[in-house]
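Note sheet for the following structure.
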Amino acid sequence: MRDDDFAAFVAAHGSRLVRLAELMCGDPHRAADLTQTALERAYLRWQRIEADDPLAYVRRIIVNSYRDWWRRRGREWSTDAVPDRPVPWDVADRHAEQARVRTALASLTRRERQVVVLRYYADLSEAAIAAELGIAPGTVKSCLSRALTRMRAMPEFATEAGRSRTG
């Protein structure tokens, strides 16, 4: 029963968790490792966490694992390779957009990147982000504001009318 429930959870949320990790760390291989580690830890505690919010639990493990890795390494590894995924629109346009977003995320600080990814990719509220990262909600707001200001100032996010496409 535990195996079936866990397999269903991974099937439903696995690719989204990998993508979350990839947006945080910028490296698809590191993201796969972070996600695998999080899923291993969650599996060992599955009976205890299943009744609560297992997605939040696994997401928190990914955030903490990334933070631990970042502290140990002290630097980031990024890649220009974009994973192939079927898309309903032009593949070249999607790859170009992904490259712009990755470049923008790479220019942010670690904390700013975490806050932006958790807010706009994971669709968490400011209070949920604060709980995930163990920081004050005010810190989330100010960090998000700084990050969006920096991203809006980037030429790749400016439109002809001078308006921003982000946030």
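The numbers here are math on the coordinates, done by the rules we state, and not lab data. This structure is a prediction, so every number in the text was calculated from the model and none was measured. Here Cβ is always computed from backbone atoms with ideal geometry, including for glycine, and neighbour counts include all displayed protein chains.
Which cross-chain or sequence-distant (5 or more) residues have an amide H under 5 Å from the amide H of LEU124, H modelled 1.01 Å from N in plane?
ARG119
Under the rule of at least 5 residues apart or a separate chain, name every residue whose amide H is placed under 5 Å from the amide H of MET154.
Here nothing satisfies the definition.
With a cut-off of at most 13 other beta carbons within 10 Å, and DSSP calling the residue loop, which trypsin sites (Lys or Arg not before Pro) in the range 34-72 qualify? Please list them.
Those that pass, being in a loop and sparsely packed, are ARG45.
For the range 124-131, just list the computed ³J(HN,Hα) in residue order, Karplus coefficients 6.51, -1.76 and 1.60, θ = phi - 60°, integers in Hz, with x standing in for Gly and Pro.
After applying 6.51 cos²θ - 1.76 cosθ + 1.60, I find 8, 6, 4, 5, 5, 5, 4, 5 Hz.
Just grab the label-to-label distance for ALA12 and ARG72, each label 7 Å out from Cα along the Cβ direction, in nm (one decimal).
3.2
I need the phi-derived Karplus couplings for the range 38-49: 6.51 cos²θ - 1.76 cosθ + 1.60, θ = phi - 60°, integer Hz, Gly and Pro marked x.
Residue by residue, the range 38-49 yields 5, 5, 4, 5, 5, 4, 5, 10, 4, 4, 7, 8 Hz.
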